[in-house]
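For reference, the structure discussed in these notes is given below.
None of the figures in this text is laboratory data; all of them are computed from the coordinates on show. A quick note: this is a predicted structure, and the numbers were derived from the prediction, not measured. We place every Cβ from the backbone using ideal geometry, glycine too, and count neighbours over all the protein chains shown.
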Amino acid sequence: MDLYISSDLTDIQKAVSEFCEKEFSQEYLQRYEDEHNYPRELYEKIGTLGFIGVGFSEDIGGAGYGALGHVVAVTEMCRKLPGMGMAMSLGYIPSFVVDISGTKEQREKYIRPLIEGKYVAAFSVTEPDAGSDISVLKTRMEEKNDCFVVNGSKIFTTNAGYADFYTLLAMDGNSFTALLFDKTVIDDNGPRRFEINDLGRKMGINTTMSGELVLSDFHVPKECVLGERGKGKKTALAAFELSRVVIAGQAFGGMLYGYERAVDYAKKRKQFGNSIIKFQSIEHDLVDMYVEIEKCRNLLYRTAWLYDRKDPESNKYASMVKLTIPENAISVLNRCIDVFGGYGYMRDQGLEGALRDIRITSIYEGTNKIQKNVIARMLY
Ligand SMILES: Cc1cc2nc3c(=O)[nH]c(=O)nc-3n(C[C@H](O)[C@H](O)[C@H](O)COP(=O)(O)OP(=O)(O)OC[C@H]3O[C@@H](n4cnc5c(N)ncnc54)[C@H](O)[C@@H]3O)c2cc1C
């Protein structure tokens, strides 16, 4: 019995696992990566089956398992195939800001269809000159009659181009405000006021698009404010706390993917007349990975549990898992490639792709150094 995962959540975990076993394949992932195309049909399927909704609250169509539920679902998806699990979860992780800070109407309008797999979200904070330091955003909104006029540019927006709704952080006088709008607002403005440029291929997660948004006199109706006007930074940071935990779940799933495949391979692969797992150096390396995995599992579940209880420690823990699990996942996947020898280097095996995909988990939603800054501020 697990200390944190109830038997109901274990059943959901099994259902996600069985689905991914059937539907996620390396060939399917490679096809979508080569086409640089988001696997929308699969996203719709996981929505229909309730897997997007595991962590969302019941009043909006979710299963109500909170951060722990999100972590369990994302871990299982990434455990089967990190690139695909990440693509699926990146469809809804940017919606946390709306779920946490939206009004009842906004959540009904955007989160309910997202849980059903009908909507993909985007959350746009980063700018060319404002990455880790979001206090120097240049995108500005100005009040004019019945709307806000927004000018500026954003970079690295995940799902730009095919997102059904966007949340954007802008300077509003001397403070920040978050704006939430959908395709109808974009269409009403016409293409020249909201330009989307695909940043092209990346090291990993190539089924997803990372885009530049250029806003030129972009008109947003006044009811599109998300959270409290002038408190946009607080709105964004509240969402980061949850998404950091769930991104750590992506990395944790990636660790399991590599480790389980490496154990299986080491048992089957024979050299010098023996299964390579019989060589102590390989066996010890696998043991080291197992110990790291169990440490990460405990820290991750505890963090999600603290988050769900609104514990004052949870923000520090969110940064701790976001710091340590991606670092461990990168190290484990790298060592798993060694276990596979030359075969680990080949694309079809999936390991090199998993390492490239998981690499981003230590960068987006705050780099490792930024997580250390957050932890230090809370400790000293
Ligand atoms: C694939 C991908 C998807 C992304 N998705 C999104 C998205 O959907 N929405 C969004 O808004 N953004 C997104 N991002 C942006 C991402 O969050 C930023 O890239 C990240 O926060 C770092 O910002 P930066 O790239 O400008 O690096 P910089 O901030 O320029 O940092 C460069 C280096 O300096 C270090 N550094 C910076 N400040 C400090 C400091 N105070 N102390 C110590 N070290 C420091 C950093 O750790 C890093 O090593 C995405 C990025 C990528 C690559």
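Assorted remarks:
- Residue match in region 300-316 (condition: touching a residue at least 24 places away in the same chain (Cβ under 8 Å) and under 29 Å from GLU33 (Cβ atoms)): yes
- Residue count for region 168-187, restricted to those that are surrounded by fewer than 18 Cβ atoms within 10 Å (Cβ to Cβ) and within 24 Å of the chain's Cα centre (by Cα): 2
- Some residue of region 106-124 being closer than 17 Å to LEU226 by Cα, out of contact with any helix residue (DSSP H, G or I) (no Cβ under 8 Å at 6 or more places or on another chain) and of a type in the set (A, V, I, L, M, F, W, C): no
- Here GLU292 fulfils each of the conditions (1) under 20 Å from the mean Cα position of the chain (by Cα); (2) closer than 16 Å to MET320 by Cβ apart from (1).
- Residues that are of a type outside the set (Val, Ile, Thr) and in contact (Cβ under 8 Å) with a residue 40 or more places away in the chain, drawn from region 363-376: TYR364, GLU365, GLY366, ASN368, LYS369, GLN371, LYS372
- Set side by side, the residues LYS310, LYS295, LYS316, LYS369 differ, and just one is basic (Lys, Arg) and not in a helix (DSSP H, G or I), which is LYS310.
- Remark: ARG356 matches the filter, which requires a residue to be within 16 Å of the ligand (Cβ to nearest atom), touching a residue at least 60 places away in the same chain (Cβ under 8 Å) and surrounded by fewer than 23 Cβ atoms within 10 Å (Cβ to Cβ).
- The set of residues in region 138-158 that are assigned to a strand (DSSP E or B) and either within 16 Å of the ligand (Cβ to nearest atom) or of a type in the set (D, E, K, R) (or both) comprises ARG140, GLU142, GLU143, LYS144, VAL150, GLY152, SER153, LYS154, ILE155, PHE156, THR157, THR158.
- Helices (runs of 4 or more DSSP H) contained in region 56-104 and holding at least 1 residues touching a Gly at 6+ places or on another chain (Cβ under 7 Å) and closer than 22 Å to ASN37 by Cα: 66-80, 82-92
- Residue within region 178-185 that is more than 10 Å from the ligand (Cβ to nearest atom), among the aromatic types (Phe, Trp, Tyr), in contact with a strand residue (DSSP E or B) (Cβ under 6 Å, 6 or more places away or on another chain) and over 24 Å from ARG112 (Cα atoms) present: no
- Test: residue in region 309-324 that is touching a helix residue (DSSP H, G or I) at 6+ places or on another chain (Cβ under 6 Å), among the basic types (Lys, Arg) and under 29 Å from PHE156 (Cα atoms): yes
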